[in-house]
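Only one structure is covered here, and it is reproduced in the block below.
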Amino acid sequence: MVVAVYPGTFDPLTYGHMDIIERAAALFGKLTVGIYENPSKQPLFPLEQRVDLVKEAVGGLPSVHVKAFKGLTVDFIHRIGGRVMIRGLRANSDFEREFEMALMNRKLAPDIELLCLMTSSQYQFLSSSLIKEVAKLGGCLEGMVPDHVAVALREKFFAPIEVATGKHKM
């Protein structure tokens, strides 16, 4: 059985990510979604919460597993016995960045194949950074992220405020 890995920060998970996960899961006997701990990106959600959000979203996909990792993606793929790295592409700008990373990964781990899947057209405009901006400004996230992710985003940006002190509740 070929093990495929779809790595990313998933901060937050979008329906574009889910599109890639579902399609990759249909192609491979086992798919691991690798949640990358990348403190330099200053993620909105802590690693544990991102893992939980993705686990909840993929709960109905029995061949999909979720694991956190840090360090080089190719090292993570080797540790779990993976052979294929899955990446999603939305636009030309994604291709250029992915191509650059693919060449480096090929140098580091020539035994790992890269498979890029084009995101379905209804999700091509989605990016985690745009989702965070819409959520921060109180916009509607329907059709862009799973409901539980929308709830987590609202909680992150609109935490209850105590009237007497004006401070956020902990």
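Tabulated data for the structure shown
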{"read-out": "Most fluctuating residue given options Lys41, Lys70, Lys30, as computed from a GNM of the chain linking Cα atoms under 10 Å", "value": "Lys41"}
{"read-out": "FRET efficiency for Met118 and Asp52, using Cβ-Cβ distance with R0 set to 35 Å, rounded to 0.05", "value": "0.80"}
{"read-out": "Under 13 Å, Cβ to Cβ, from Tyr36 - net charge with Lys/Arg +1 and Asp/Glu -1", "value": "+2"}
{"read-out": "Ellipticity estimate at 222 nm from DSSP helix runs (n ≥ 4, -39,500 (n - 2.57)) divided over the chain, nearest 500", "value": "-12000 deg cm²/dmol"}
{"read-out": "Estimated distance in nm for a label pair at Leu61 and Lys41, the labels positioned 7 Å out from Cα along Cα-to-Cβ", "value": "1.7"}
{"read-out": "Under 5 Å, built H, 5+ apart or other chain: amide partners of Arg87", "value": "Leu115, Cys116, Leu117"}
{"read-out": "The range 42-96-the range 13-32 distance, computed between alpha-carbon centres (Å)", "value": "10"}
{"read-out": "Inter-probe distance in nm under a simple model that places probes 7 Å from Cα toward Cβ, at Phe125 and His148", "value": "2.8"}
{"read-out": "Using alpha-carbon coordinates, inclination of helix 15-27 to the longest axis of the chain, degrees", "value": "30"}
{"read-out": "Lys pairs, the range 3-123 - Cα-Cα below 16 angstrom, 8 or more residues apart or on other chains", "value": "4"}
{"read-out": "Beta bridges per DSSP with both ends in the chain, % antiparallel, nearest 5", "value": "5"}
{"read-out": "Surrounding net charge for Val151, when Lys and Arg each add one and Asp and Glu each subtract one, Cβ distance under 13 Å", "value": "-3"}
{"read-out": "Theoretical gain in end-to-end length, Arg79 to Val2 [0.36 nm per residue, Cα-Cα removed]", "value": "26.3 nm"}
{"read-out": "FRET efficiency estimate (nearest 0.05) - Cβ-Cβ, Glu155 to Glu22, R0 35 angstrom", "value": "0.85"}
{"read-out": "Residues whose placed amide H lies under 5 Å from that of His65, excluding near-sequence neighbours", "value": "Leu31, Thr32, Val33"}
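No lab work stands behind these numbers, since they all come straight from the coordinates. All figures in this text were calculated on a predicted structure; none of them were measured in a lab. We place every Cβ from the backbone using ideal geometry, glycine too, and count neighbours over all the protein chains shown.
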